[in-house]
Structures are given as C-alpha cells and as structure tokens.
Amino acid sequence: DPWARAMMIAQKNDNTLIYSIFKTPERVDKFQWVCSFLPPVKVYLFKLKNRYDLKVNNLEQVKHHTISINSGDSSHEYLRSVGFEYGINLDVTSSDEVSINKLFLNRVDFLVQTEFTAKQLLRSLNKPENSLTKVLELKNYSNNAICMAFSLATDQNLVNNFKNELLSSYFTILTITF
C-alpha cells in the first residue's frame, strides 16, 4: 500500500517530507508540521447517483453498509475511531482508484473523498462528474488542515527555514494578487 509505506518512511527517515497530509489528532505527535494557509477541506461520503436504495442521514446508519477506504488514510483512522470495523463495514484498499472501481462495480456502497479528489477520480475513469452524489459531510473529520509533515528526525532549522520561505511566498502572492 503506497500511502502506508510513505507514512512509514516519513516517520523513520531523516529529512523526509509528506505533502499533502491532513493533520489529525492521531498523527500530531508523529511529525513536525507545516500547515498551509489554505482553508480546511471538507470530506464527504459519496455514493453512486443511481443507488436510490442507499438512504442514510448519519454515520450510525452508514454502519449497516460498506465504505471503501485506503489503508492508512486519515479517513481510515477516523472511521475506525468512531466504531467502523474491517470486514464488517470497512473495505480497505490500496488506492483511491481501487476504491472508486469497487464503487462502480457495486462491491461497496460508499466512498470517502474530498469533492476535488472525487472529480479527479471520475475524470481519470472517463465517467461523468455527476456519477456520484454527496451523501454526508464527515463533520467531525472535515476541516482538518492540509499540511506538510516533516519527519521528527528532520533538522529543526530546515523545518523553520521552510516555514519562513513558505510564509514569505504566501505574502508575496497575496501582494501580487490583491
């Protein structure tokens, strides 16, 4: 699984950076964080538009169905923390592409994604953008900051210099844009 491998490498190796990554409570102590100035991203549960049989209003109701998620993804961590279980209502895959293919094959009922990533996945499969319907926002999971995560073994001066350059670039862009 590429994401789990990237997380493991970034936690063990010196001078390693993961971008982009959600800063979640489960991950906060594992990295040195540089969070962007972008607004937090909302994460949704999606279903196929033609799955009229799937009517849910909350996560408790979703537990009677199957969600496809990536191993090691922050949504995976979140759903496990609220009572979802492997093999019962979680189908763990190695990539977003595998998850969305399972959704189109009706092997799973739901997919967890940002709106942007869902649209990108649909384009990569040459599927119409209206093939999916947002069902629920994962409110207690949404609004995580999109960050960069340096390994704990990365030199603190390097991290600080990176933060300063990022901040400087951000204000330069604001000055030019506005």
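The values are calculated or read from the model by the stated rules, or taken from the named source; none is laboratory data. Treat the numbers as computed from the prediction; the structure is a model and nothing was measured. Positions of Cβ are backbone-derived with ideal geometry, glycine not excepted, and every protein chain shown enters the neighbour counts. Only protein heavy atoms, including side chains, enter the accessible area calculation; ligands, DNA and RNA are left aside. Shrake-Rupley method; radii C 1.70, N 1.55, O 1.52, S 1.80 Å.
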Quickly estimate the mean residue ellipticity at 222 nm for the chain, helices only: each DSSP H run with n ≥ 4 gives -39500 (n - 2.57), and the total goes over all residues, rounded to 500.
-11000 deg cm²/dmol
Which length gain, in nm to one decimal place, applies between Ile88 and Ala6 when the Cα-Cα distance is subtracted from 0.36 nm times their residue separation?
26.9 nm
Taking the simple approach of a point 7 Å from Cα along Cα-to-Cβ for both Gln120 and Thr133, what is their distance in nm?
2.6
Among the lysines, which fall within straight-line cross-link reach of Lys127, defined as a Cα-Cα distance under 25 Å, with same-chain neighbours fewer than 8 residues apart omitted?
Lys42, Lys47, Lys49, Lys55, Lys102, Lys119
Where only protein heavy atoms count, and the probe is 1.4 Å, what is the accessible area per residue for region 53-175 in Å²?
54
With a cut-off of at most 15 other beta carbons within 10 Å, and DSSP calling the residue loop, which chymotrypsin sites (Phe, Trp or Tyr not before Pro) in region 48-101 qualify? Please list them.
Tyr52
Candidates Ser74, Ser168, Ser20: whichever shows maximal mean-square fluctuation once the chain is modelled as a Gaussian network with Cα springs under 10 Å:
Ser168
Treating the angle as unsigned and between 0 and 90°, give the value, to the nearest 10°, between the Cα long axis of helix 2-12 and the longest Cα principal axis of the chain.
30
Given a 1.4 angstrom probe, I'd like the percentage of the accessible area of the chain that is carbon and sulfur, rounded to a whole number.
52
